[in-house]
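Comments concern the structure below.
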Amino acid sequence: MVETEAGKYPVEIFKIGENGSSQGFLALKSTVSPQRKTELLDAVCPSLATEKRNKSSFPCLQASCPARESLKRQLRLELDRVKKSRLPCSLLLVKIKEIKNNGQLEGALAILEEQAPGNAHIARYGDSTFSILLPGLTIKKSVRQAKTFQKKLSPLQVTVGITVSLFKNIPEPEAVISMAENELKKAQKDSSGIAHSFQESEADSCQVTAEERSQLFSFLSAGKSAR
Amino acid sequence: MKEQKNKAPHIVSISSGKGGVGKTSFTVNLAAALSKKSKKVLLIDGDLGLANVDVVLGLNVKHSLREIVEEDRDPMETLVEIMPGFFVLPASSGVPEMANLSYEEQAFLTNSLEHITDNFDYVLVDTAAGIGDSVLWFNEWSDTNIILLTPDPTSMTDAYALIKVLHTRYEKNEFSLIINHVKSKKEGNEVFANMSAVLENFLGIKPINRGAIPRDSAVAQAVRNQKPFLIAQPKARASLAVNEICNKLLS
């Protein structure tokens with residue numbers, strides 16, 4: 001049950017116990033660096049830390065990797081909200097090149113966290129890739145946000161793949177991730193370093209046109225001329 | 001209030017686009033009219049940052065929607081009973097944070113409201129003016145969307161803009177129009193006919209004519225006295241018009 005609930009948040013959960021028995025859980029934000037994670041595990045449960053150290057602590061872009069599973073769970077939650085609130089939700093995959101060490105990666109993460117809106121969910125998604133869920137952001141705002149990330153992380157080379165989910169035809173989390181991954185691939189070939197899969201901007205189509213105004217006021221003009 | 005009703009409540013949003021067209025006054029009186037017809041009514045002050053329902057009713061509000069969002073307060077304990085069957089869920093005034101609820105707070109508030117609305121026959125939402133998030137969100141949540149406008153061109157344009165946004169982005173197709181502050185029934189019908197023609201021409205929407213409310217000094221007087229005009233002056237022209245609208249809504 002604890003693990004199920006934890007799945008709703010961007011955290012990694014560790015069972016703490018000896019000989020297979022569970023005595024407690026340790027929840028760590030998925031943005032915690034591998035080094036810090038090991039330090040914390042060492043302090044709380046040394047045997048678990050050793051086990052963890054023997055496995056690769058870096059998530060990857062493979063279909064079965066923990067980062068992808070965690071992102072899918074978070075996406076499922078956000079897409080349910082999109083359905084209910086009818087506000088959009090944007091997924092950014094941000095790849096940072098030329099990262100030489102963990103310290104540099106942590107520095108980049110700190111910048112991303114600082115620049116992202118307060119309700120963003122940021123998680124590691126690969127060696128130097130981060131997934132950023134931005135609830136409520138339209139495509140225009142998402143692109144603006146991506147440009148901010150690029151500017152603030154400069155001179156590091158940053159590519160961003162974006163996909164926006166709207167309440168109409170909400171896709172499955174897996175499909176959203178695949179779209180964002182495809183856009184990330186496209187972004188790496190694009191000179192701007194940003195690519196997105198959403199073509200239409202509905203924001204502009206709501207504007208009241210001159211024709212509509214004219215007809216709205218024709219009744220008033222007719223009333224005036226009749227007087 | 002403890003008994004649970006099985007039937008889902010009818011949720012009605014009252015919006016306008018432009019401010020100052022008489023939304024709050026109309027909503028308060030519609031709620032009073034419905035409760036006089038033995039309906040259990042909840043009036044939610046949907047102007048989350050600049051609430052006015054409490055002012056129009058002369059309430060001394062201790063708790064509001066703010067505490068529901070920020071302190072997880074039980075919404076049932078936040079309700080104020082105005083008269084038998086007529087309850088108000090007040091909002092806060094002068095709190096910018098409430099006017100710009102985050103994505104999560106909006107979702108949380110929806111859940112909290114859905115938890116209490118089953119106790120009522122009608123839930124009326126007096127939304128804020130404009131086309132902000134909370135206005136669109138309350139309209140999306142509602143079964144019936146009433147748009148209040150006056151014969152003023154700015155009011156007509158803003159009402160049209162609001163309907164266009166709700167139609168384009170939220171696929172809303174049914175709107176009820178009420179024309180406030182009319183000089184005569186004829187003027188109300190003319191404004192409705194004009195709005196209806198533009199809506200049908202450009203958006204393919206046929207609005208419902210819910211009626212018109214005449215200019216009436218009883219309205220301003222009631223606001224100053226902080227009492228619904230329908231109760232203070234039941235024979236006033238505005239009171240009769242609201243009763244007529246109430247009957248249309250019930251039918």
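The values are calculated or read from the model by the stated rules, or taken from the named source; none is laboratory data. Predicted, not measured: the structure shown is a model, and the values here were computed from it. Every residue, glycine among them, receives a Cβ derived from its backbone with ideal geometry; neighbour counts consider all protein chains shown.
Per-structure values
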read-out	value
Qualifying residues in segment B:149-162 (those that are more than 9 Å from every other protein chain (Cβ to nearest Cβ) and small (Gly, Ala, Ser)) - the one farthest from the chain's Cα centre (by Cα)	B:Ser155
Selection from segment B:45-60 of residues that are touching a Ser or Thr at 6+ places or on another chain (Cβ under 9 Å) and either of a type in the set (D, E, K, R) or modelled with pLDDT of 85 or more (or both)	B:Asp45, B:Gly46, B:Asp47, B:Leu48, B:Leu50, B:Ala51, B:Asn52, B:Val53, B:Asp54, B:Val55, B:Val56
Residues (under 16 Å from A:Ser192 (Cβ atoms) and part of a loop (DSSP other than H, G, I, E, B)) located in segment A:126-154	A:Ser154
Scope segment B:121-139; condition among the hydrophobic types (A, V, I, L, M, F, W, C) and under 18 Å from B:Leu149 (Cβ atoms); matching residues	B:Leu124, B:Val125, B:Ala128, B:Ala129, B:Ile131, B:Val135, B:Leu136, B:Phe138
Number of positions in segment B:163-178 that are touching a Ser or Thr at 6+ places or on another chain (Cβ under 8 Å) and more than 10 Å from chain A (Cβ to nearest Cβ)	3
Whichever residue in segment B:194-211 is part of a helix (DSSP H, G or I) and more than 8 Å from every other protein chain (Cβ to nearest Cβ) and, among such residues, is surrounded by the fewest Cβ atoms within 10 Å (Cβ to Cβ)	B:Glu200
Counted residues, segment A:155-187 - those being part of a strand (DSSP E or B) and of a type in the set (S, T, N, Q)	3
Residue count, segment B:212-251 (criterion: in a helix (DSSP H, G or I) and crowded, with 22+ Cβ neighbours inside 10 Å)	9
Positions within segment A:83-103 being without any contact (Cβ under 8 Å) to a residue 24 or more places away in the chain and more than 14 Å from chain B (Cβ to nearest Cβ), in sequence order	A:Lys100, A:Asn101, A:Gly103
Failed condition for B:His181, given (1) free of Cβ contacts under 8 Å to residues at least 40 places away in the same chain; (2) surrounded by 17 or more Cβ atoms within 10 Å (Cβ to Cβ); (3) more than 10 Å from chain A (Cβ to nearest Cβ)	(1)
Inter-residue pairs, beta-carbon under 7 Å, first within 14 Å of another protein chain (Cβ to nearest Cβ) and on the phi < 0 side of the Ramachandran plot and in segment A:125-152, second aliphatic (A, V, I, L, M) and assigned to a helix (DSSP H, G or I), 6+ apart	A:Leu133/A:Leu75; A:Thr138/A:Ala203
Residue among B:Phe26, B:Phe86 that is in contact (Cβ under 8 Å) with a residue 60 or more places away in the chain and of a type in the set (Phe, Trp, Tyr)	B:Phe26
Checking B:Gly20 against (1) at pLDDT below 90; (2) more than 14 Å from chain A (Cβ to nearest Cβ); (3) part of a loop (DSSP other than H, G, I, E, B), the condition it does not meet	(1)
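A quick yes/no check of all residues on (1) over 16 Å from the mean Cα position of the chain (by Cα); (2) within 18 Å of B:Val69 (Cα to Cα):
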residue: B:Val88; (1), (2): no, yes
residue: B:Ser93; (1), (2): yes, yes
residue: B:Pro96; (1), (2): yes, yes
residue: B:Gln106; (1), (2): yes, yes
residue: B:Ser112; (1), (2): yes, yes
residue: B:Asp118; (1), (2): yes, no
residue: B:Asp121; (1), (2): no, no
residue: B:Ala128; (1), (2): no, yes
